[in-house]
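Peer 1: Structure in structure tokens, see below.
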Amino acid sequence: MATKSAFFATLSIAAALVLAPAGAALAQARDAADLHAALHLTLPQETAWRDYQQALEPDPVAQSRHQAAQTMMASLPTPRRIDLIEANMQADLEVMHRQGEATKAFYGALTPEQRVTFDRETLPTPGRADDR
């Protein structure tokens with residue numbers, strides 16, 4: 001019984017991760033503005049910043065996929081829900097990889113001092129709703 005409960009708890013957590021938290025876009029925009037200000041970017045670095053920010057913009061296809069998954073979840077039997085969650089997680093992993101590569105490219109354009117600032121400013125903090 002404990003294994004079954006753990007499985008369904010994991011399934012519930014995974015399903016919740018498929019959905020974007022409310023207000024996340026606003027928090028991300030505020031965080032981006034704060035990060036930009038803290039980095040004191042040079043004019044040549046601004047292009048790298050714009051490329052980085054563009055890569056991090058919410059994907060409307062992913063948002064539609066998440067919304068469709070949320071809508072369908074209640075009507076699906078458990079095996080289909082698991083398949084849907086796994087498919088969404090795989091697609092999200094691909095997006096995360098693309099964003100990670102963009103972050104590494106931007107990071108490479110920073111000075112050592114700016115990298116220290118970037119590392120400090122982007123470190124996830126416990127208890128923040130937009131840190132997953």
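The values are calculated or read from the model by the stated rules, or taken from the named source; none is laboratory data. Note that the coordinates shown come from a computational prediction; the quantities given were computed from them, not determined experimentally. Quick reminder, even Gly has a Cβ in these numbers, built from the backbone with ideal geometry, and neighbours come from all protein chains shown.
Peer 1: Which is within 16 Å of the chain's Cα centre (by Cα), within 24 Å of residue 29 (Cβ to Cβ) and β-branched (Val, Ile, Thr), of 122, 47, 42, 117?
Peer 2: Result of the check over 122, 47, 42, 117: 122.
Peer 1: Let me ask something additional. May I ask you to verify whether residue 69 is part of a helix (DSSP H, G or I), farther than 27 Å from residue 117 by Cα, touching a residue at least 12 places away in the same chain (Cβ under 8 Å) and touching a helix residue (DSSP H, G or I) at 6+ places or on another chain (Cβ under 6 Å)?
Peer 2: Taking the combined requirement at face value, the residue satisfies it.
Peer 1: Given the conditions (1) on the phi > 0 side of the Ramachandran plot; (2) at pLDDT 90 or above; (3) not polar (S, T, N, Q), which single one is not true for residue 100?
Peer 2: Answer for residue 100: the failing condition is (1).
Peer 1: Turning to a different aspect of this structure: Pull out all pairs, ordered by first then second residue, where Cβ-Cβ is under 7 Å, the residues are six or more apart or on different chains, the first lies in the stretch 104-132 and is of a type outside the set (D, E, K, R), and the second is in a loop (DSSP other than H, G, I, E, B) and at pLDDT 85 or above.
Peer 2: Note: pairs meeting the criteria are 118/110.
Peer 1: Can you tell me which residues in the stretch 62-89 are within 26 Å of residue 33 (Cβ to Cβ) and exposed (fewer than 14 other Cβ atoms within 10 Å of the Cβ)?
Peer 2: If the condition is that a residue be within 26 Å of residue 33 (Cβ to Cβ) and exposed (fewer than 14 other Cβ atoms within 10 Å of the Cβ), then 63 is the only one that fits.
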